[in-house]
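The block underneath contains the structure these notes are about, expressed in structure tokens.
The values are calculated or read from the model by the stated rules, or taken from the named source; none is laboratory data. Predicted, not measured: the structure shown is a model, and the values here were computed from it. Ideal geometry is used to build each Cβ from the backbone, glycine not excepted, and the neighbour counts take in all protein chains shown. For accessibility, only protein heavy atoms count, side chains too; no ligands or nucleic acids. Shrake-Rupley method; radii C 1.70, N 1.55, O 1.52, S 1.80 Å.
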Amino acid sequence: MSDRPPHDGVRGSFSLYRRLLAQTRPYSRGFVFAILGMIVAAATEPLFPALMKPLLDDGFVNQSGLPLWVVPTALIAIFVVRGIATFTSSYALAWVANKVLVDLRRQMFDRMLRLPAAEFEREASGLLISKLVFEVTNVTGAATRVLTVVVRDSLVVIGLLGWLVYLNWRLTLVALVLIPVTALIIGFYSKRMRVLSRRNLEHTGELTRVVEEAVHGYKVIKIFDAYAHESRVFERTAERLRGFAMRMTVAGSATVPITQLAASVAVAVVVTIALVQAGTGQTTVGGFVSFITAMLMLLAPLKHLADVNHELQRGLAAAEAVFSLLDRPVEADAGTRRIERASGALRFEKVGFRYPGSETAALTGIDLDIRPGEVIALVGTSGAGKTTLINLLPRFIEPTEGRILLDGIPLAELRLADLRAQLGLVSQDIVLFNDTVRANVCFGASEPPGEQAIWAALRAAALEDHVRALPGGIDYEIGERGTRLSGGQRQRLAIARALLKDPPILLLDEATSALDTRTERDVQAALERVMRGRTTFVIAHRLSTIERADRILVFEHGRIVEQGSHAQLLAADGRYASLHRLQFAAVSEPNEGG
């Protein structure tokens, strides 16, 4: 397959631009006002050189009694009309552009949220952020500002050329040489500009990623004194971006002097021919000045049309990135069956999973029958498959073998919204939002719960006393990612959020990992009360937290090698007993010397 992007070439560019303009359709009224303003403003351009002919021929040369007020009044009227038309078109187009910008960002954000989980893991978050925040602004430039130049200046060129033909069609033929020359120059540089613009956007996204990593990883950078390393990474990325920006500048700027050189040659030829014609009486002074004025006025819109290619190619490259995100398939949701509240019975039938590109399976031959309300603990070394099993339940990933059933219904047949409504998740990667305690506890609730329910969830997560002590209580702003709370408080807030949802199935992935021993004991007691009547999966490296689980599954290399209660597995003296002895020894050793 070719690596060539699908929108290269004239046909692809036109298709891309047409799709871009389709975004303006809901705001066609504003667009019409903008176009009308451009037409009126463009129509005033030929009027100025048209005034030169009667001014010179009748006012200066023949002195035929042209009224004194005519030309000044006409000049003022021209610029008043042009000013009103220009303001109208600029305002209307800016309104359309900002509406389109919001629409595109909303569409991109909605699509991003619904991408499969694998997409988030595969693509750096900085690249997604760059598309949504930066690249889309270049798109609106292509859809609006470029259109302004193309419409307005093309109309100006047509109007001025019409006047030139009326004055002297022979001289106009010389001036027309400018148009194919300009077109050839623009066509030559267009392809290179698109490639450079595409690469420039990629490096902008890379720079965003580097900055985002530094912001989120500032503690590690400080502890490891990695300032110089991070600065070098940033400098290399910024330097690559600078290099592409300069190449874009060269490609974009080269069109202007070449176009102007072609124009100057045409002007020189026209002046020479016009002087010859004036000597033989074929033209008047007013006609000559009017012609030269119109021709010189032609240079500015031609320059704008040459310049606009730079922004157009940058905008089309950005549009490729934006539409590539909008065209990505969302996570599969082919399920049609609904479920109000599950009992929590789960069945795994020969379930296996292999990550794309991996040579070994993450899970193999998982057969499980889980009763409603049963507490299942998952133990094993890192990479044994515990988190992979948890991720299969909300369908963040899909089994590559076998199937999972909830209350006898295959998960793939359930609507995603219905399936996930049955689940509460608290993971070791705490996700909180820059909002109040209340908003984080109630996150995703279809209807705002009462304060009593919120306090009950906080109480169950052993967080009530601390929140009551905060200024503002449950309306306290916790900061980005909950930075104004301690690690343990953040984890308990995540637990409270899951408890308020009141799901029939709880997924606890190292849910107490950030808590001190005393707080962990309190939260564990609260969780044990909450887990009653709910099917619960618990991943815990500290085996003391899962001793009361109904069943413990021991994972090794993606397989369940042992299962049973805590007492049964200790009595079997197998893998679990070995892990328990190792952990108990690790806890006891520090006290032996004291």
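What to note about this one:
- Net charge of the neighbourhood of GLU556, taken over other residues with C-beta under 15 Å away and scored Lys/Arg +1, Asp/Glu -1, is +2.
- Rounded percent of accessible protein surface that carbon and sulfur make up, the stretch 410-475, 1.4 Å probe: 52 percent
- Amide H partners (placed H, <5 Å) of LEU506, local residues excluded: GLY424, THR535, THR536, PHE537
- Ranked from largest to smallest solvent-accessible area, with a 1.4 Å probe on the protein heavy atoms, ARG105, ARG247 come out as ARG247, ARG105.
- For GLU556, distant residues with modelled amide H under 5 Å away: VAL561
- Proximal aspartates and glutamates relative to LYS53, as straight alpha-carbon distance under 16 Å, when same-chain residues fewer than 8 apart are discounted: GLU45
- Protection proxy ranking, highest mean first, for peptides 431-439, 495-503, 153-161: 495-503, 153-161, 431-439, where packing is the per-residue count of other beta-carbon atoms within 10 Å, averaged.
- Percent antiparallel among DSSP beta bridges (both partners in the stretch 321-442, rounded to 5): 90 percent
- Share of carbon and sulfur in the accessible heavy-atom surface of the stretch 346-395 [1.4 Å probe, %]: 49 percent
- Probe 1.4 Å - accessible area at SER446, Å² to nearest ten: 120 Å²
- Pairwise label distance in nanometres, VAL431 with LEU582, each label 7 Å out on the Cα-Cβ vector: 3.1 nm
- Net +/- balance of residues flanking ALA417 in space, Cβ distance below 10 Å, scoring K and R +1, D and E -1: +1
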